[in-house]
Every structure is written in structure tokens, then in C-alpha cells.
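The values are calculated or read from the model by the stated rules, or taken from the named source; none is laboratory data. Keep in mind that this is a model prediction, so the values were computed, not measured. No Cβ is skipped: glycine too gets one built from the backbone with ideal geometry, and neighbour counts run over all protein chains shown.
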């Protein structure tokens, strides 16, 4: 049967399944919508069954459509990976590199430099501090912050940058709250914590300790957390390099506790293959060179 099916029919079906829209699938594939619709219709005609139920309001995959998509996606991804790897000629890297990463200036420069060095690379880059696991299909590399042990996943994790951290508070806050000397005392104090990144609410300390803190100020931004700490809104964990100037001038006080916070780490995650794709390996090497010397 496979000799009767064109690969583009399968790719069109795959895109429509992902987008649940012929129009959005056509935009993704850079094809006319009529072509994508015809490809799916021809595939359904050959298989003699419905893969997608269409109504005027929505599109729903049938059980057969779901089975086909889940079975074919690893195969089309593997074929694409092989084609991209063998498309390399000497030092000329080519292919489509899809990345999710935090929106940070130093990463922007590194990526731009990479694309200048490898002009045959086609880049698709999305920004997110805490990308959801289910949304990562189709991406080659994810850069994400972590503190403490990582959650289990099917991705390979490589450490890129590590920043020692400390607990800080503004003098204004310490006028109204006693200076904590232990994690137990800190648990009763107002704190500034993350909303969803860095595994959410618990603060993570070395020796595998975690602490549930009181927080009415939850943000997914180190800059916003630092601004709140400077205003006396709560105790905060910050990378030392990001607040050392404020500690030196007395705007923030470093809190010495009986246990140190876990370091803030930037990880690169890629699919759990035995060997990473060549484009991923080259980008990771470029990334490590780009961040060399940034740890403090």
C-alpha cells in the first residue's frame, strides 16, 4: 500500500492533526489550503476511512487518525533527522533548528552569532521560561532553568551555566520581621517565590532540603523578584552575581542560614536519542563557548 501513498499526503495529514485546522496547517507547510485539504482527502480515500471528523466549528481526529498520527510521527521525525545529518558538507551545517529558550539578551546574541556562522541553518525560536512537556514535540532543543534535582523526563539534560545563589532581604523588611537564622524561622517569614518556574513554590536548598514558604508575591522573573525584595515585600532567593552590588551598598542584606540555597542552573534539554543530532551538537558547542566566563 505504501507505494500508492505520496509522502506529502502524510505530511499534510500530520500538520492538520497538529493544528486542527487546514488553514493553519497550510501556513505551516507553506502550501495552498486547497492542496492540504486534497492531500488529506486522497489519503482517506485510499485508506477507505475517516481520519478527521470535520464540522463547521471544529475538527476532531478519529481513532484511526490518532493511531496513524502516533505511529507515523516518530518515523517522519527519524527520516527528517537522517536527511538533515547527511546534508552536512564539511563545516557547512544546514537544516531546520527548532529551539525553546528564555528571553535573555546574552542568549539572543549567541543565537544570532550562530546563524551568522552557519547561514544554511533555518532557525525557529520560541521563548518560554517554563515550557510544558506536552508542547515540546517537534523542538530540537529546550533551554530551561532549574534548581535542585531535575524531574524525570525523556530528555537528555546538559548543564550550560551555574550561578550560586543566596537569600536576601531589604533593611526595611528586617525592621518589621526578625532576622531568620534557620530554615524553620524562614518558613514563617513573608517570601517572594516563583509562580510556576523552578518547579513552583518550594524553595530548594542543598542536601536535598525543600522549604514551603509563605508567599503572596509570586513571579516568574528574577528582575521582578529583585525589585520586590528591594521594596521590602519579602525575602528572596537570587543569584549572587545579580544582587552583589545591592549587597555591597546595603540595599539588600545577605541572610546567613543553616543551609545554602541550591544553585540556579541553566540546562539544555534535547531528545533522548543515543546520539544528538549534528545540528544540536554544534549548537551546544557554540552555546558553551558563548557563555564561557559568565559563571560567577
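Report yes if residue 114 is at pLDDT 90 or above, assigned by TED's automatic domain parsing to the domain that holds residue 286 and either under 30 Å from residue 94 (Cβ atoms) or not in a loop (DSSP other than H, G, I, E, B) (or both), otherwise no.
Values: at pLDDT 90 or above: yes; assigned by TED's automatic domain parsing to the domain that holds residue 286: yes; either under 30 Å from residue 94 (Cβ atoms) or not in a loop (DSSP other than H, G, I, E, B) (or both): yes.
Spelling it out, residue 114 is indeed at pLDDT 90 or above, assigned by TED's automatic domain parsing to the domain that holds residue 286 and either under 30 Å from residue 94 (Cβ atoms) or not in a loop (DSSP other than H, G, I, E, B) (or both).
Has segment 86-101 got at least one residue that is in a helix (DSSP H, G or I) and modelled with pLDDT of 85 or more?
Step one: list which residues in segment 86-101 are in a helix (DSSP H, G or I), which gives 86.
Narrowing the set further to residues that are modelled with pLDDT of 85 or more leaves none.
No, there is no match, as no residue in segment 86-101 is in a helix (DSSP H, G or I) and modelled with pLDDT of 85 or more.
For segment 117-165, enumerate the residues that are at pLDDT below 75 and in a strand (DSSP E or B).
Passing the criteria: none in range.
Tell me the residue from 75, 43, 52 that is surrounded by 14 or more Cβ atoms within 10 Å (Cβ to Cβ) and within 16 Å of residue 8 (Cβ to Cβ), please. Before the answer, list the steps.
Details: 75 fails: surrounded by 14 or more Cβ atoms within 10 Å (Cβ to Cβ); 52 fails: within 16 Å of residue 8 (Cβ to Cβ).
Matching residue, one of 75, 43, 52: 43.
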